[in-house]
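Since the structure comes first, as structure tokens, the remarks are kept for the end.
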Amino acid sequence: MNRRQLGNNGPLVSTIAFGAWPIGGGLGTVPETEGIAAVEAALEVGMTFIDTAEGYQTSESVVGKAIRGRRDEVFLATKLSGDDHSAEHMASAIENSLRTLGTDYIDLYQIHSPSNHWPVAETMENMVGLRDAGKVRYLGVSNFSPEQTQEAMQYGTIHSSQPRYNLMWRDLEDDVLPFCLENGIGVIPHSVLSKGVLAGKHKPGHQFAHDDERRLFSFFKGDDFEQTYSVAMRLDSWARDNGRDIVQLAVAWVLANPAVSSALVGAKSPEQVYHNARAADWTLTPSDLQEIEELMGGYRMTWIKDES
């Protein structure tokens, strides 16, 4: 698999990154052996950029077991999750991540989301301290606005930004992506498959299991699901006419954006990994991109999560 530079001055990373959220159980229980096999398959195909987080349930543990004895093959990313960005929590979080992942350093340590309770200056001071201590190599942010990223940049070098971005969710095209491109920050989009909307497997009326958080999202319910599914099927038909499918289209489309360093794509099994990896060699032309826009007819997805 080809590699791209993470921003202007970062390391080279695989064009597709393995998103380890699903193997932690966020989309329903995944047997540990299957999760380990999925990570091993990622390494097999050159998908050596692996992204997890403190808050991804059992994900760090599964990744740690999968990369045991192979740490030098992996560009390993994890995140400080939750709203507690205190020095005490960060110290505990990084040690837990290092121990669970079975390593003595993290390649990319990211702030999972902005905190309303801790000044960015303080959070970044502690992040920089971890880097200076050799516990992490590069620093990144996730789900940050340009203004929040700009503030963080005042206190340390930010190499990456991990926002939600996909064919149906484009809110950041006017601000986050241009900002990152201008400032040499590598974009690692998450939710590239829209939590599975752009996998085309679930039809309207599908009932997700209680341990699958997709049961909470509006776009998997009612009229919203009818609309997203209809658009997804048009995209899938176009992709199949081109010898691919909607999953590979979703990945290739994200990779076509010049701000993107690596597309973060989750997988639960080796089969899904192999399938996702084949999108890395699909380069969409300007004509392709125009046809895709016409097929979508201006449709954009609304992202609402019911926390009740």
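The values are calculated or read from the model by the stated rules, or taken from the named source; none is laboratory data. Remember, predicted model here, so these are calculated numbers, not experimental data. We place every Cβ from the backbone using ideal geometry, glycine too, and count neighbours over all the protein chains shown. Heads up: the accessible areas ignore ligands, DNA and RNA and are worked out on the full protein's heavy atoms, side chains in. Shrake-Rupley method; radii C 1.70, N 1.55, O 1.52, S 1.80 Å.
Show me 236-245, 62-71, 85-94 ranked by packing, highest mean number of other Cβ atoms within 10 Å first. Spell out each step's value before the answer.
Working: 236-245: 14.6, 62-71: 18.7, 85-94: 17.1.
The most tightly packed comes first, giving 62-71, 85-94, 236-245.
Long-range amide H contacts for Ile106: which residues qualify at under 5 Å (H placed 1.01 Å from N, peptide plane, sequence gap of 5 or more or a different chain)?
Amide H to amide H, under 5 Å and 5 or more residues apart or across chains, Ile106 pairs with Val136, Arg137.
When Lys and Arg each count +1 and Asp and Glu each count -1, what net charge do the other residues less than 14 Å away from Thr103, Cβ to Cβ, add up to? The partial results should precede the final answer.
Details: positive: Lys65, Arg68, Arg70, Arg71, Arg99, Lys135, Arg137; negative: Glu60, Asp72, Glu73, Glu95, Asp104, Asp107.
Computed value for this residue: +1.
Using alpha-carbon positions, what is the distance between the centroids of segment 80-157 and segment 207-245, in Å?
Their Cα centres are 34 Å away from one another.
Quick one: which of Lys79/Lys203; Lys65/Lys203; Lys203/Lys268 span more than 30 angstrom between C-alpha atoms? Before the final figure, lay out each step's value.
Values: Lys79/Lys203 33 Å; Lys65/Lys203 35 Å; Lys203/Lys268 19 Å.
Correct reply: Lys79/Lys203; Lys65/Lys203.
Taking N as the number of residues in segment 149-308, what is its alpha-carbon radius of gyration divided by 2.2 N^0.38 Å? Can you show the working numbers first?
Working: Rg = 16.2 Å, N = 160, 2.2 N^0.38 = 15.1 Å.
Rg over 2.2 N^0.38 Å, computed on Cα atoms: 1.07.
Mind grabbing the accessible area of Asp171 for me, 1.4 Å probe, Å², rounded to tens?
My reading of the accessible area for Asp171 is about 110 Å².
Two decimals is fine: what's Rg over Rh for segment 123-223, C-alpha atoms, Kirkwood radius as Rh?
Details: Rg = 17.3 Å, Rh = 15.8 Å.
Using only Cα positions, Rg/Rh for segment 123-223 is 1.10.
Report, in whole Å, the centroid distance computed from the Cα atoms of segment 183-198 and segment 1-22.
So the separation of the two Cα centres works out to 12 Å.
Among DSSP beta bridges lying fully in segment 3-77, give the percent that are antiparallel, nearest 5.
Numbers: 3 of 9 bridges.
Taking every DSSP beta bridge within segment 3-77, about 35 percent pair in antiparallel fashion.
Could you give each residue of segment 58-67 its phi-based ³J(HN,Hα) in whole Hz, using Karplus coefficients 6.51, -1.76, 1.60 with θ = phi - 60°, and x for Gly or Pro?
Once rounded to whole Hz, the list reads 8, 4, 4, 5, 5, 4, x, 5, 6, 9.
What is the antiparallel percent of DSSP beta bridges lying wholly in segment 1-140, to the nearest 5? Don't jump to the answer; show the numbers that get you there.
On the way: 3 of 17 bridges.
Antiparallel bridges make up about 20 percent of those DSSP assigns within segment 1-140.
Suppose only helical runs count, i.e. DSSP H with n ≥ 4. What mean residue ellipticity at 222 nm does that imply for the chain under -39500 (n - 2.57) per run, divided by all residues and rounded to the nearest 500 deg cm²/dmol? Walk me through the numbers on the way to the answer.
On the way: 10 runs with 113 residues, N = 308.
Per the formula, -11000 deg cm²/dmol.
Ordered by residue, what ³J(HN,Hα) values in Hz, to whole numbers, does segment 76-83 give under the Karplus form 6.51 cos²θ - 1.76 cosθ + 1.60, where θ = phi - 60° and Gly and Pro are x?
9, 10, 9, 9, 7, 9, x, 9
Using only the alpha-carbon atoms, how far is helix 246-255 inclined from the longest principal axis of the chain? Give it as 0 to 90 degrees, nearest 10.
Taking the Cα atoms of the chain, the angle to 246-255 is about 50 degrees.
Note the angle between two axes, namely the Cα long axis of helix 286-296 and the longest principal axis of the Cα atoms of the chain, as a number of degrees from 0 to 90, rounded to the nearest 10.
With both axes taken from Cα atoms, the answer is about 70 degrees.
Please state the relative contact order of the chain as a whole percent: Cα pairs under 8 Å, 6+ residues apart?
Numbers: 588 pairs, mean separation 67.5, N = 308.
Once normalised by length, the contact order is 22 percent.
For labels at Ser237 and Asn96 in the simple 7 Å Cα→Cβ model, what's the distance in nm?
4.8
Using θ = phi - 60° and the Karplus curve 6.51 cos²θ - 1.76 cosθ + 1.60, what whole-Hz ³J(HN,Hα) does each residue of segment 206-222 get, with Gly and Pro shown as x?
5, 9, 7, 5, 4, 8, 10, 5, 5, 5, 8, 8, 4, 6, 10, 9, x
Work out the length of the dipole vector of the chain about its Cα centre, built from +1 on the beta-carbon of each Lys and Arg and -1 on the beta-carbon of each Asp and Glu, and round it to the nearest 20 debye. Spell out each step's value before the answer.
Details: 26 positive and 42 negative charges, 147 e Å.
Dipole about the Cα centre, nearest 20: 700 debye.
Just the accessible area per residue of the chain, please: how many Å² with a 1.4 Å probe? Please list the in-between numbers first.
Details: 13010 Å² over 308 residues.
Here the residues of the chain average 42 Å² of exposed surface.
For the chain, which whole percent of the accessible surface, found with a 1.4 angstrom probe, sits on carbon and sulfur atoms? It would help to have the intermediate numbers written out before the result.
Values: 5960 of 13010 Å².
Of all accessible area on the chain, carbon and sulfur atoms account for 46 percent.
Which percent, nearest 5, of DSSP beta bridges in the chain are antiparallel? Kindly include the intermediate steps, with their values, before the conclusion.
Numbers: 6 of 32 bridges.
Antiparallel bridges make up about 20 percent of those DSSP assigns within the chain.
When ranked by the protection proxy of mean other Cβ atoms within 10 Å per residue, highest first, what sequence do the peptides 214-220, 13-19 form? It would help to have the intermediate numbers written out before the result.
Details: 214-220: 18.3, 13-19: 26.6.
Descending mean neighbour count gives 13-19, 214-220.
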